[in-house]
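Beneath this line is the structure, given in structure tokens, with notes to follow.
Just so it is clear, none of the values below were taken in a lab; they were calculated from the coordinates. Nothing here was measured: the structure is a model prediction, and the numbers come from that model. All Cβ positions, even for glycine, are placed from backbone atoms using ideal geometry, and neighbour counts span all protein chains on display.
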Amino acid sequence: MNKPEDNITASKPPRARVSDVIDDEAAPAANSAPRERDYLDGFLHQKPAEGPVGGAGSDLQTAVVDALKEIFDPEIPVNIYDLGLIYGVDVDDECDATITMTLTTPHCPVAETMPGEVELRAASVPGIRDAEVELVWDPPWSPEKMTDEARLELGML
């Protein structure tokens, strides 16, 4: 049985045409200023920043290190950078980050997930094009690799 709603047909809205658009210069709206056509001039004539983008001590390297300091070991209440798990953070001139890291032991419960989390966190830093983690076991991690702040937090000082 047909219901009255079944017989309703919707009409298509009219298509927009280029000729329907009023050019701002020909007839500006009464309450708005005319649109300026050179709104990209400053952007197009801007010079690129001088100096290397990556490298030791660069802003990008510092930003990656800061991002890694936000990752905490689930068993120890210290971030992985201060814990001494990060052996190196290199950012090249093409904005690719390479993080050399280790874990406290090869049998660490987060051995499968921690390198992936480090890679994701480094890659999420604005300006980083790609991130790669190199997991190494030599030299092995030891408590001597921890910062003084980490030792203080764990009551080892």
Model label zone, residue 95; criterion: amide N under 18 Å from point 7 Å along Cα-to-beta-carbon; scope segment 125-146: 125-132
Principal semi-axes in Å for segment 91-157 [√(5λ), Cα gyration tensor, largest first]: 25, 15, 11
